[in-house]
Every structure is written in C-alpha cells, then in structure tokens.
Amino acid sequence: MLEAFDVRKHYGEVRAVDGLSFAAVPGEIFGLIGPNGAGKSTTIRMAMNIISPDSGEIRINGRRLAEEDKAIVGYLPEERGLYRKAKVEDMLLYLAALKGCPAARARKGIDSWLERFGILEWKGRKIDELSKGMAQKVQFIGALVHSPRLVLFDEPFAGLDPVSQDTLLEAMLELKAGGVTILFSTHIMEHAEKVCERILLVHRGRELVSGKLAEVKARHGRNAVQIEYDGDAAFAQGLPFVESVTRYPRWLEAQLKPGSDPDELFRALAGRVKVRRFEVVAPSLHKIFTSLVGESREGADAEAAEGAIHE
C-alpha cells in the first residue's frame with residue numbers, strides 16, 4: 001500500500017505539491033493525473049525517497065521507503081535512465097541486480113518480457129540502437145523484471161504506438177489481478193479513463209477532485225452527450241440549450257445546460273449532420289478536468305484581485 005498524508009513540496013516560491021493526500025491499495029490501479037507541471041512527478045519522487053517533502057509524509061506499507069523495501073518496488077520514471085552504450089540484456093540484468101533479483105531468474109523474466117513486446121531479437125543490441133518506443137519498452141521491463149509488489153509508472157505510454165500501448169495496458173491489468181499496487185501518472189485523460197479505478201486529479205500541486213472514477217463522473221452529472229457524426233457541427237456551440245462543446249473532427253461532447261433535454265440536441269442535429277452515434281453519458285474525464293481547471297483559474301484570479309484591492 002502507498003499512502004500520502006498532507007504532502008507539500010516547494011521549489012523556491014513555487015508550490016510544486018500543496019497538501020496532497022491519497023492511498024493506493026493492492027489490486028488497484030490508482031491514477032495520479034493532471035497536466036504537465038501539476039506536481040505528479042514530484043509526488044512520485046517523494047514516494048521513492050529521491051527527494052524529501054517539506055512537510056507531510058508518504059508511507060509504503062506503513063512506513064517511509066527504506067533500503068530493504070526497494071526490492072518490492074518498481075519505478076518507471078518520466079525521464080528515462082538507460083545507459084545508451086549498454087546492451088539491452090546487460091542493462092536489464094543490472095537493473096534487476098540493483099533490486100536483489102538473482103541473475104538466473106532475471107534472465108528468464110527478461111526473455112519473457114522481450115518476447116512479449118516483440119523485441120527479443122534486440123536483447124544483444126545497444127540501447128542507442130533502439131527506437132524511442134523500443135527504449136521505452138526496455139525501461140518498462142526494467143521496472144518489472146524483479147517482480148515488485150508496488151509499481152509507480154510515470155507517463156508509461158509516452159513514445160509508444162497504439163499496439164504497444166495495448167500491450168502495456170494488458171500487462172498492467174495482469175499486475176492488478178495479481179494483487180500488485182499500481183500508481184499510474186499521466187496527463188492524458190483518455191488513458192486514465194481506460195485503466196484507473198480511483199483517481200486524484202491535481203492542478204498546480206493541489207487536489208481538484210479525487211475518488212472512485214465512476215463516483216467522480218457521477219458527481220459531475222449525466223447531462224452530457226457524445227456524438228459521432230459526418231459533416232460540420234460547429235453550430236452546436238451556439239445552440240441556446242448547450243453550455244459547452246468539446247469538438248473533434250468526427251465527434252463532439254456537448255455539456256447541456258441544467259434542465260435541458262438531450263432530445264433537443266438530437267432534433268437540432270437532424271438534417272444538418274449525419275449522426276452515427278448519439279449517447280447520453282457522464283462527462284468525460286477530459287471535460288471534468290477542463291471544467292475544474294477553469295473554475296480553479298477563476299478562483300485564483302478572484303483571490304489575486306482581492307489581494308490587489310487590499311494592498
């Protein structure tokens with residue numbers, strides 16, 4: 001189990017982490033999500049005891065990470081740390097040895113993982129011969145080859161093609177089924193929606209919302225509609241019963257105003273675009289995030305204005 005208690009970290013005048021508390025439990029994928037610069041990586045580094053919090057505490061299995069605990073922890077950092085002139089197998093054996101994993105057991109695990117990712121034939125090649133995606137796979141394997149019981153993934157899907165992303169997702173689900181505690185950090189809301197059961201959404205080091213993903217989405221209402229269509233639906237933003245629209249080339253998500261009926265939107269679309277899918281849903285995590293960030297900025301602006309008045 002990984003627990004954080006009112007953790008704070010400053011870099012000069014910058015509040016990187018500002019009072020975060022959460023718990024990630026065995027057999028669960030916990031999402032620490034938010035934009036770049038939100039404090040996610042700083043929080044993970046504090047959990048790994050790479051840096052210390054200014055106040056508060058992070059505990060692994062009830063205590064701060066100690067040297068003897070490192071063998072049960074796997075860590076995939078956002079900044080990749082492979083020795084470019086090392087061979088793939090040698091690099092992975094070295095990472096396993098740092099965790100106290102015997103070489104014979106590590107070799108079996110390395111071959112199994114490399115084969116699974118389709119890069120077994122590259123195990124004798126140097127890291128600097130690999131593509132960015134291949135190197136990311138090797139780093140992912142390095143975090144898991146010693147069979148940890150707690151893993152911290154910081155932006156694990158970066159640089160991976162969709163097939164490789166699915167392979168990583170499948171591996172994460174297997175770890176979850178095996179009772180491993182997983183903390184998954186990302187700024188891509190769609191990834192979090194696919195894999196996380198509980199989330200902590202952070203912005204500028206502060207919590208915006210937390211809890212079970214289903215409950216978070218339920219708290220933000222179900223008056224949203226996702227539409228897949230052909231044509232030009234730019235007019236939807238100007239409809240009087242539509243509060244906001246997130247639009248992409250072939251689909252959109254419309255947040256309706258309180259009391260509005262989704263049928264009104266369907267009737268407005270009929271005849272103007274070809275509707276392929278029309279679904280009333282809970283707001284997407286992306287939509288919830290952008291809405292909460294907007295509210296957070298408005299609050300910060302109000303505080304700044306009030307402060308200026310009193311100066």
query = Which is surrounded by fewer than 13 Cβ atoms within 10 Å (Cβ to Cβ) and in contact with a helix residue (DSSP H, G or I) (Cβ under 9 Å, 6 or more places away or on another chain), of Glu190, Glu174, Glu197, Glu253?
reply = Glu190
ask   = Within the stretch 252-261, can one find any residue that is farther than 26 Å from Glu215 by Cβ and at pLDDT 70 or above?
value = no
key: Failed condition for Pro26, given (1) in contact (Cβ under 8 Å) with a residue 60 or more places away in the chain; (2) over 26 Å from Leu208 (Cα atoms)   = (2)
ask   = So is Ile72 in the same structural domain as Thr186 (by TED's automatic domain parsing) and touching an Asp or Glu at 6+ places or on another chain (Cβ under 9 Å) or not?
value = no
message = For the stretch 16-38, give me each residue that is acidic (Asp, Glu) and more than 12 Å from Leu150 (Cβ to Cβ).
response = Asp18
query = Which of the residues that make up the stretch 245-291 are out of contact with any strand residue (DSSP E or B) (no Cβ under 9 Å at 6 or more places or on another chain) and not in a loop (DSSP other than H, G, I, E, B)?
reply = Asp263, Arg267, Ala270
ask   = Of everything in the stretch 107-128 that's in a loop (DSSP other than H, G, I, E, B) and touching an Asp or Glu at 6+ places or on another chain (Cβ under 7 Å), which residue is modelled with the highest pLDDT?
value = Gly124
Unique match (being touching a residue at least 24 places away in the same chain (Cβ under 8 Å) and either in the same structural domain as Leu76 (by TED's automatic domain parsing) or more than 28 Å from Glu67 (Cα to Cα) (or both)) among Lys126, Lys108 = Lys126
note = Scanning the stretch 65-79 residue by residue, those within 19 Å of Gly159 (Cβ to Cβ), surrounded by fewer than 18 Cβ atoms within 10 Å (Cβ to Cβ) and touching a residue at least 40 places away in the same chain (Cβ under 8 Å) turn out to be Pro77, Glu78
inquiry  = Being assigned to a strand (DSSP E or B) and either of a type in the set (Val, Ile, Thr) or within 22 Å of Leu175 (Cβ to Cβ) (or both) is the requirement here; does Gly56 meet it?
reply    = no
request  = Report, by residue number, each residue of the stretch 44-68 that is under 17 Å from Val25 (Cβ atoms) and not hydrophobic (A, V, I, L, M, F, W, C).
outcome  = Arg59, Asn61, Gly62, Arg63
query = Ala158: surrounded by fewer than 18 Cβ atoms within 10 Å (Cβ to Cβ), of a type in the set (A, V, I, L, M, F, W, C) and at pLDDT below 90, yes or no?
reply = yes
query = So which of Val245, Val275, Val293 ends up being over 30 Å from the mean Cα position of the chain (by Cα) and β-branched (Val, Ile, Thr)?
reply = Val275
inquiry  = Can you report the number of residues in the stretch 129-147 which are among the charged types (D, E, K, R) and either modelled with pLDDT under 90 or under 21 Å from the mean Cα position of the chain (by Cα) (or both)?
reply    = 2
request  = Please state which of the following conditions Ala224 fails to meet, knowing it meets all the rest: (1) at pLDDT below 90; (2) out of contact with any Lys or Arg (no Cβ under 8 Å at 6 or more places or on another chain).
outcome  = (2)
inquiry  = Just to verify a result, which residue in the stretch 74-106, among those that are among the aliphatic types (A, V, I, L, M) and not in a helix (DSSP H, G or I), is modelled with the lowest pLDDT?
reply    = Leu82
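The values are calculated or read from the model by the stated rules, or taken from the named source; none is laboratory data. As the structure is a prediction and not an experimental result, all values here were calculated from the model. Quick reminder, even Gly has a Cβ in these numbers, built from the backbone with ideal geometry, and neighbours come from all protein chains shown.
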